[in-house]
Amino acid sequence: MSRIDHTHDANATSWVAGADGHAEFPVQNLPLGLFSGPDGGRRIGAAIGDFIVDLTALGREGRLPAAAALQTATLNALFAEPADVRRALRHALFALLTGEERRAEVEGHLHPASACALHVPFAIGDYTDFYVGIHHATHIGSLFRPDSPLLPNYKHVPIGYHGRASSVRPSGTAVRRPNGQRKAPDADTPLFGPSTRLDYELELGVWIAGDSEIGVPVPIAEAGERFGGLCLLNDWSARDIQAWEYQPLGPFLSKNFLTTISPWVVTAEALAPFRAPQPPRAEGDPRPLPYLWDATDQRQGALDLTLEVHLASAAMRARGDAPVRLSHGPASNMYWTIGQMIAHHASNGCDLHAGDLLGTGTISGPVPGSFGSLIEMTRGGQQPVALPTGEQRTFLEDGDALTLSARAEKPGFRTIGFGPCSGIVESAPS
Ligand code: CA
């Protein structure tokens, strides 16, 4: 598990203008990503304030460790290395950005973030979506089974399904409303056309580090080493298509038309100060089976993060209205830890690789104002949300801009953020 060290010191400052006190990317964060500047080529970078520092260039000049991994056009090679290598990179980069005497070495490799494009940081081999947000699972279940919303397996096994890696895109990608097959409850036959119940899902994305071999499980005590970092993840969901297609094999085309992520990888090393004990299970809940139970994981396997969702309709943006906050809550509403998700995924011998992506599942709090999807907020489309323009929403309309955000804060440490995970809904292809 990652350690707190001098790179988390709240008093550390950077010579980069605007980095100190930056809301998301002070020198204590240093998230990693893939960017291209005005000249086009994709390079590995780190966010510092409102700038991106080119790690590929600094590696080529011999100023950073892991230089060979930094010459590739994805983060896969870097995250295939042991965590010690990424920690050494973080320490070296921290020294370059905090030491005024190092400024001349680095300044030529800083680019204004506003002039750069960010990309999906890994060649994602596989994407799996879990369902560990227990309040979300309860809210959704209660729409169908008011008396017993959670299915009997929920507290024994981290539920998940295999998603699709090809349609994962970075923040800012347009959200084209999907066409699909759906059937109204009172209709005799299905029809094909634009989804009328387009929703979002507020999730965290877990980036896998390291590689395991097929047939070899990842013991829960070692799962922390396989946690490379986090992003925000929006699992856009067409509820009408989902309702018609999901039985008996689970979601398919209702989910895989697009998954939006925040492109910066907030590393496990940066998150070290924000580790927290996993909330105790409710009295009467089963103790997890031994392969999912580790005392250290229980002691520090959760994360102190605050998650938010904001919506701005096209009419709101035209008027200059501020986005409406749909949701605000902690990320502690996860019934299973990241370590438990990883250990469970590999428990049958399924191999996990650097750059694999695990979604946590929708993270909702227990009370209104902290729900991570519209289907929960509107009780399945029955209770619309009012916008300041007088518009109402049960599900997303064309022109809606939806943004997920996250920050980690703790007394004694600098607050760090993830950068946005946004998309604007566009009309369905005709
Ligand atoms: Ca999901």
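A few remarks follow.
- Residue within the stretch 7-14 that is at pLDDT below 95 and closer than 24 Å to Leu232 by Cα present: no
- For the stretch 208-239, a residue qualifies if it is in contact with a Ser or Thr (Cβ under 8 Å, 6 or more places away or on another chain), within 16 Å of the ligand (Cβ to nearest atom) and outside any loop (DSSP other than H, G, I, E, B), and the qualifying residues are Cys231, Leu232, Leu233, Asn234, Ser237, Ala238, Arg239.
- Qualifying residues in the stretch 214-239 (those that are charged (D, E, K, R) and within 30 Å of Leu374 (Cα to Cα)) - the one farthest from the chain's Cα centre (by Cα): Arg239
- Subset of the stretch 239-278 (residues that are out of contact with any strand residue (DSSP E or B) (no Cβ under 9 Å at 6 or more places or on another chain) and of a type in the set (Phe, Trp, Tyr)): Tyr246, Phe252
- Taking residues in the stretch 239-258 that are of a type in the set (A, V, I, L, M, F, W, C), and partners anywhere that are modelled with pLDDT under 95 and more than 12 Å from the ligand (Cβ to nearest atom), not one pair has Cβ atoms closer than 6 Å while being at least 6 places apart or on different chains.
- Identification of helices (runs of 4 or more DSSP H) wholly contained in the stretch 3-109 with 3 or more residues that are surrounded by 15 or more Cβ atoms within 10 Å (Cβ to Cβ) yields 55-60, 67-70, 76-80, 83-98.
- Top-ranked residue of the stretch 137-150 - restricted to ones that are closer than 21 Å to Ile338 by Cα and touching a Leu at 6+ places or on another chain (Cβ under 9 Å), ranked as surrounded by the fewest Cβ atoms within 10 Å (Cβ to Cβ): Thr138
- Of the residues in the stretch 120-140, at least one is without any contact (Cβ under 8 Å) to a residue 40 or more places away in the chain and not acidic (Asp, Glu).
- Helices (runs of 4 or more DSSP H) fully within the stretch 259-366 counting 3 or more residues that are in contact with a Ser or Thr (Cβ under 8 Å, 6 or more places away or on another chain): 314-319, 338-346
- Test result for Thr196, away from the ligand (no atom under 16 Å from the Cβ) and in a loop (DSSP other than H, G, I, E, B): yes
- Residue among Pro178, Pro219, Pro149, Pro194 that is modelled with pLDDT of 95 or more, of a type outside the set (Ser, Thr, Tyr), in the same structural domain as Val265 (by TED's automatic domain parsing) and over 27 Å from Gly399 (Cβ atoms): Pro219
- Candidate set from the stretch 110-132 (those that are outside any helix (DSSP H, G or I) and of a type in the set (Ser, Thr, Tyr)); member that is farthest from Ala69 (Cα to Cα): Tyr131
- Condition check for Gly250 on (1) assigned to a loop (DSSP other than H, G, I, E, B); (2) within 16 Å of the ligand (Cβ to nearest atom); (3) surrounded by 17 or more Cβ atoms within 10 Å (Cβ to Cβ): one failure, at (3).
- Applying the criterion of being surrounded by fewer than 24 Cβ atoms within 10 Å (Cβ to Cβ) and among the small types (Gly, Ala, Ser) to the residues of the stretch 347-365, the residue that is nearest to the ligand (Cβ to nearest atom) is Gly365.
- Exactly one residue out of Pro290, Pro279, Pro368, Pro384 is at pLDDT below 95 and surrounded by fewer than 18 Cβ atoms within 10 Å (Cβ to Cβ), and it is Pro368.
- Residue check, Ala187 assigned to a loop (DSSP other than H, G, I, E, B), over 24 Å from Thr306 (Cα atoms), hydrophobic (A, V, I, L, M, F, W, C) and away from the ligand (no atom under 16 Å from the Cβ): yes
- Gln242, sole failed condition from (1) within 13 Å of the ligand (Cβ to nearest atom); (2) part of a strand (DSSP E or B): (2)
The values are calculated or read from the model by the stated rules, or taken from the named source; none is laboratory data. Computed from a predicted structure; not experimentally measured. In this analysis, Cβ positions are derived from the backbone assuming ideal geometry, glycine residues included, and neighbour counts consider all displayed protein chains.
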